[in-house]
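Okay, structure first, notes after.
What follows draws every value from the coordinates through simple rules; no lab data is involved. These numbers come from a predicted model, not from an experiment. In this analysis, Cβ positions are derived from the backbone assuming ideal geometry, glycine residues included, and neighbour counts consider all displayed protein chains.
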Amino acid sequence: MDVKKLKEMVIDKGLEEKSILGFWNSLNRYSAEKREDFENVFPNYDKELVSVYVNTVSLTMTSWPDEDYIHIVLRLEIRYGSQFAADYRMVFNLDGTIEDDYLTF
């Protein structure tokens, strides 16, 4: 698959928007479930200080050489003020459905 087709697929299937929404959902769960840890990562939390941007988009094949598990991964970098705060990855099947996601601090 060439890069233009991958980019077209990401745009057509709304993968960037799905990833950003998934990040906010994960962050809200983290905030509710692990409040003390959340406050360590985001001191004096102010949503306006959170910046989210797509760092990488990749087409990944993880069952080499069988090629039976190919997916698209969007990696978001999260900053709080001027500091790196988190890494969020959303994994999609080639049809654009969400397969998994990971939020790491």
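By other beta-carbon atoms within 10 Å, ranking Leu74, Leu21, Leu15 with the fewest at the front produces Leu21, Leu15, Leu74.
Kindly provide the helix-only [θ] at 222 nm of the chain, computed as the sum of -39,500 (n - 2.57) over DSSP H runs of four or more divided by all residues, to the nearest 500 deg cm²/dmol?
-10500 deg cm²/dmol
Neighbours of Glu16 by Cβ distance under 12 Å: Lys/Arg scored +1, Asp/Glu scored -1, total +2.
The long axis of helix 15-33 is offset from the longest Cα principal axis of the chain by roughly 40 degrees. Here the chain has an Rg and Dmax of 15.2, 49 Å, counting Cα atoms alone. Distance between the C-alpha centers of the range 41-105 and the range 20-39? Whole Å please. That distance is 14 Å. The Stokes-Einstein estimate for the range 1-47, based on a Kirkwood radius over Cα pairs and taken at 20 °C with 1.002 mPa s viscosity, is a diffusion coefficient of 169 µm²/s.
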